[in-house]
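The values are calculated or read from the model by the stated rules, or taken from the named source; none is laboratory data. Source: prediction; values computed, not measured. When we count neighbours, we look across all protein chains shown, and the Cβ atoms used for this are built from the backbone with ideal geometry, even at glycine. In case anyone asks, the SASA skips ligands and DNA or RNA and just uses the protein heavy atoms, side chains included. Shrake-Rupley method; radii C 1.70, N 1.55, O 1.52, S 1.80 Å.
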Amino acid sequence: MTDKDALDALPGELLMWILIVSEVLVFGAGLIVFLSVRITDPEGFAEAQDMLDRTAAGINTIVLITSGFLAALANALRQGGARTKARFCLVAAALLGVVFLWIKGAEFASKAASGIVWDTHVFFNFYFMLTGFHAAHVAAGVVLLVLVAWRDHVDNIEDATAFWHMVDLIWVLLFPVIYLLQ
Amino acid sequence: MTHRSLYIAWALLVALSFGSTALSASGIWAQWPIVAGVAVMALAWQKARIILADYMGLQRAPRWRRGFDVCLTGLCLLMLALYAAPLVL
């Protein structure tokens, strides 16, 4: 297999994959630093983590993977020529993205109401930074999904849904590290 | 990518997510935190592999899939080691 064949085997645009790998590396580095700092104060991190709403984060995981499923289905439907169904799936995926952001916003608001802010503990420094940065990607993904539901070229949908799956992929790594590892 | 394989991938992801959340609510963390940590990270690793293979289409590119699997496994093992460090040191 030549280098060109190897690159052709990759589904979608190479540039989108470079973006995906870069983003996963950035979040992966953030999680590694988070876990490294945790070594210096495991009790403090555990106490801070107990203030998080694990159920809401669990619901958000289901919301995001269901949204990812709809995006993947939209891609398959569009490639099969079913444009209207594909558009419907893209809009539904975007709406679930909005649900994710709404739950995340409620989580942030509840922290603020309890007096928990950025510098309450170093744990919350990472919590707000990593989940906030992820939420910004979700917001960008929602806009992309709506845009490609409108301008529904096969390539556009393939790239936008790949971005959306990256957001999904990052969340399934971020969720256990920030919320679950006790 | 068939629609059926996407439905199966979604069902598996939902089941694995319920598994993670159930583990977080169980009493296992007090007795065997490392076992619980390994279980939670193994579930996350499997979810990420499903997203890469089925949602992102790497199932159709086995060489790329293997490469991503190796990197993902390395990242998950490193995170697991950092999680376990304060428990074993």
Taking the range B:34-68 only, how many residues are in contact with a Leu (Cβ under 8 Å, 6 or more places away or on another chain) and open to solvent by 30 Å² or more (accessible area, probe 1.4 Å)? 10
What number of residues within the range B:29-49 satisfy the criterion of being more than 9 Å from chain A (Cβ to nearest Cβ) and in contact (Cβ under 8 Å) with a residue 40 or more places away in the chain? 2
Quick check on the range A:45-68. Is at least one of its residues modelled with pLDDT of 95 or more, farther than 22 Å from B:T21 by Cα and not hydroxyl-bearing (S, T, Y)? no
How about the range A:57-78: which of its residues are among the aliphatic types (A, V, I, L, M), over 13 Å from B:A9 (Cβ atoms) and open to solvent by 10 Å² or more (accessible area, probe 1.4 Å)? A:I59, A:I62, A:V63, A:L77
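Okay, residues lined up against (1) more than 14 Å from chain B (Cβ to nearest Cβ); (2) free of Cβ contacts under 8 Å to residues at least 60 places away in the same chain; (3) under 14 Å from the mean Cα position of the chain (by Cα); (4) assigned to a helix (DSSP H, G or I):
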| position | (1), (2), (3), (4) |
| --- | --- |
| A:F126 | no, no, no, yes |
| A:A140 | yes, yes, yes, yes |
| A:V148 | yes, yes, no, yes |
| A:D152 | yes, no, no, no |
| A:D155 | no, no, no, yes |
| A:E158 | no, no, no, yes |
| A:F163 | no, no, yes, yes |
| A:W171 | no, no, yes, yes |
Whichever residue in the range B:5-23 is in contact (Cβ under 8 Å) with a residue 40 or more places away in the chain and at the interface with chain A (Cβ under 9 Å from one of its Cβ atoms) and, among such residues, is surrounded by the fewest Cβ atoms within 10 Å (Cβ to Cβ): B:L6
Within the range A:25-39, residues being of a type in the set (A, V, I, L, M) and more than 8 Å from chain B (Cβ to nearest Cβ) number 5
Candidates A:R83, A:R87, A:R54 - the one that is surrounded by fewer than 24 Cβ atoms within 10 Å (Cβ to Cβ), under 18 Å from A:V142 (Cα atoms), touching a residue at least 60 places away in the same chain (Cβ under 8 Å) and not β-branched (V, I, T): A:R87
Show the residue pairs that are 6+ apart or on different chains and have beta-carbon atoms under 8 Å apart, the first residue being within the range B:64-89 and more than 9 Å from every other protein chain (Cβ to nearest Cβ), the second being of a type in the set (A, V, I, L, M, F, W, C) and open to solvent by less than 40 Å² (accessible area, probe 1.4 Å). B:R65/B:L52; B:R65/B:A53; B:R65/B:L58; B:D69/B:L52
Given A:V146, A:V142, A:V122, which one is at pLDDT 95 or above and in contact with an Asp or Glu (Cβ under 8 Å, 6 or more places away or on another chain)? A:V122
Complete set of residues in the range A:128-138 that are in contact (Cβ under 8 Å) with a residue 60 or more places away in the chain, crowded, with 17+ Cβ neighbours inside 10 Å and either under 30 Å from B:I28 (Cα atoms) or within 14 Å of chain B (Cβ to nearest Cβ) (or both): A:L130, A:H134
